[in-house]
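> The structure is given below, and queries will be raised subsequently.
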Amino acid sequence: MLRRAADLVLLRYLLASVLALGVDVGTFVTLLHGGVSPTLAATAGYSLGIVAHWLLSSRAVFTEGVAERGPRRTRQKALFVLSALAGLGVTTLIVGGASTAGLDPRLAKIFAIGVSFTLTWLLRKAVIFRAVAPA
C-alpha cells in the first residue's frame, strides 16, 4: 500500500512537471523565435516554470508534506527555490554549452529536461516535502 501511495505521488509529480514544462518550453520557444539568445530563453522559461511548479507541487503533489504557514513553510519555499535553481543551473549549463558547441539548442533543452527533472524530483521528495513533523 505504501508503494502504491509513492507511485501516486510520482505520477502527480510527473503531471505537475509536464504542466510546468509546458510553461517552460512555451516561453523558451517563443523567446527563441523572437531572437532572444538560447541561454537567456532557457533561463526565462525555466524561471516561469518554477512558479508554476511550486503552485502545483504544494497544492496537488506533496499535500501531506507541505508545512503549515509560518517559518517551516517559508523554509520549505526557500528550499524549493534552491532546488529549482539547481535545476536551472543544470539547464543553463547544458543549453548554453551545447549552443556554444554549435549543437541545436532544442535538442540540448530536451536532454536538460531529463537531467533537471531527476535532480529536482530527488531533492523535493527526499528533502523538501518529506513528511513534516508537528512543531
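Every number in this text was worked out from the coordinates using simple rules, so none of it is lab data. What you are looking at is a predicted structure, and each value in this text was computed from that prediction instead of being measured. Reconstructed Cβ throughout: ideal geometry from the backbone, glycine too, with neighbour counts over all protein chains shown.
> What trypsin sites (Lys or Arg not before Pro) in segment 1-110 are in a loop by DSSP, with at most 16 other Cβ atoms within 10 Å of the Cβ?
On the way: sites: Arg3, Arg4, Arg12, Arg59, Arg69, Arg72, Arg73, Arg75, Lys77, Arg106, Lys109; in loops: Arg69.
Passing sites in segment 1-110 are Arg69.
> Specify which residue in the list Thr43, Leu93, Thr74 is farthest towards the positive end of the charge dipole of segment 2-128, using unit charges on the beta carbon of Lys, Arg (+1) and Asp, Glu (-1), about the Cα centre.
Value: Thr74.
> Between Arg69 and Asp7, what is the FRET efficiency for a Förster distance of 30 Å, r being their Cβ-Cβ separation, to the nearest 0.05?
Details: r = 29 Å, r/R0 = 0.98.
Result of the calculation: an efficiency of 0.55.
> A further question on this structure: Divide by every residue of the chain the summed helix terms, -39500 (n - 2.57) for each DSSP H run of at least 4, and state the resulting mean residue ellipticity at 222 nm, rounded to the nearest 500 deg cm²/dmol. Don't skip to the answer; put the middle values down first.
On the way: 4 runs with 100 residues, N = 135.
Result for the chain, helices only: -26500 deg cm²/dmol.
> What dipole magnitude, in Debye to the nearest 20, does segment 2-128 give about its Cα centre under +1 on Lys/Arg Cβ and -1 on Asp/Glu Cβ? Before the final figure, lay out the partial values.
Working: 13 positive and 5 negative charges, 104 e Å.
For this selection, approximately 500 debye.
> Select from Phe111, Leu32, Leu56 the residue farthest towards the positive end of the dipole of segment 2-128; place +1 on Cβ of Lys and Arg, -1 on Cβ of Asp and Glu, and compute about the Cα centre.
Going by the Cα projections, it comes out as Leu56.
> Mean shadow of the chain, computed from the convex hull of its alpha carbons, in nm²?
Numbers: hull surface 32.9 nm².
Average of the hull's projected areas for the chain equals 8.2 nm².
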